[in-house]
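*Asks:* Handing you this structure, nothing more for now.
The values are calculated or read from the model by the stated rules, or taken from the named source; none is laboratory data. What you are looking at is a predicted structure, and each value in this text was computed from that prediction instead of being measured. For neighbour counting, all protein chains shown are included, and Cβ atoms are generated from backbone atoms with ideal geometry for every residue, glycine included. These accessible areas exclude ligands, DNA and RNA; they are computed on the full protein's heavy atoms, side chains included. Shrake-Rupley method; radii C 1.70, N 1.55, O 1.52, S 1.80 Å.
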Amino acid sequence: MTAVTPAQPPAAKRVLVVEDELMIRMHLDGEPVLPVADALVARGMPFVFATGYGERGVPGAYRDRPMLKKPFQMEGLKQMLQSALEGEKN
């Protein structure tokens, strides 16, 4: 009799979406998100900026990161997340 082993699920991948929504910023007590982005870069973790302000909504040092322009559709979000994960491999 041959033992059947279950297939291993692929390793989990994580990407943080850094959002500039006013209500979220209010819960952050007006603090900027730049220190969060700095910490993510230092740890080599992928992230995507979601903004309704275009490039001016993203700090200059991070304009090379994937940017999801609002309003967006789920397909656009999916593409940005894939882009961030692919950038992690390079």
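*Asks:* Which of the residues belonging to region 13-48 are open to solvent by less than 90 Å² (accessible area, probe 1.4 Å) and either acidic (Asp, Glu) or touching a Lys or Arg at 6+ places or on another chain (Cβ under 6 Å) (or both)?
*Replies:* 19, 20, 21, 38
*Asks:* Related question: Looking only at residues that are more than 19 Å from residue 13 (Cβ to Cβ) and touching a strand residue (DSSP E or B) at 6+ places or on another chain (Cβ under 8 Å) in region 68-80, which one is least open to solvent (accessible area, probe 1.4 Å)? Please lay out each step first, then the result.
*Replies:* Let us first name the residues in region 68-80 that are more than 19 Å from residue 13 (Cβ to Cβ), namely 69-73.
Next, from what is left, pick out any that are touching a strand residue (DSSP E or B) at 6+ places or on another chain (Cβ under 8 Å): 69-70, 72.
Numbers: 69: 125, 70: 59, 72: 74 Å².
Only one residue fits best here, namely 70.
*Asks:* Pick out, from region 13-90, the helices (runs of 4 or more DSSP H) lying fully within it that include 3 or more residues that are touching a Leu at 6+ places or on another chain (Cβ under 7 Å).
*Replies:* Once the helices (runs of 4 or more DSSP H) in region 13-90 are filtered for at least 3 residues that are touching a Leu at 6+ places or on another chain (Cβ under 7 Å), what remains is 74-89.
*Asks:* Tell me which residues, restricted to region 41-66, are under 11 Å from residue 17 (Cβ atoms) and among the aliphatic types (A, V, I, L, M).
*Replies:* Within region 41-66, 48, 50 meet the criteria.
*Asks:* Working carefully through the options 52, 60, find the one that is of a type outside the set (Val, Ile, Thr), within 25 Å of residue 86 (Cβ to Cβ) and surrounded by 12 or more Cβ atoms within 10 Å (Cβ to Cβ). Let's see the steps before the verdict.
*Replies:* Numbers: 60 fails: surrounded by 12 or more Cβ atoms within 10 Å (Cβ to Cβ).
The match here is 52.
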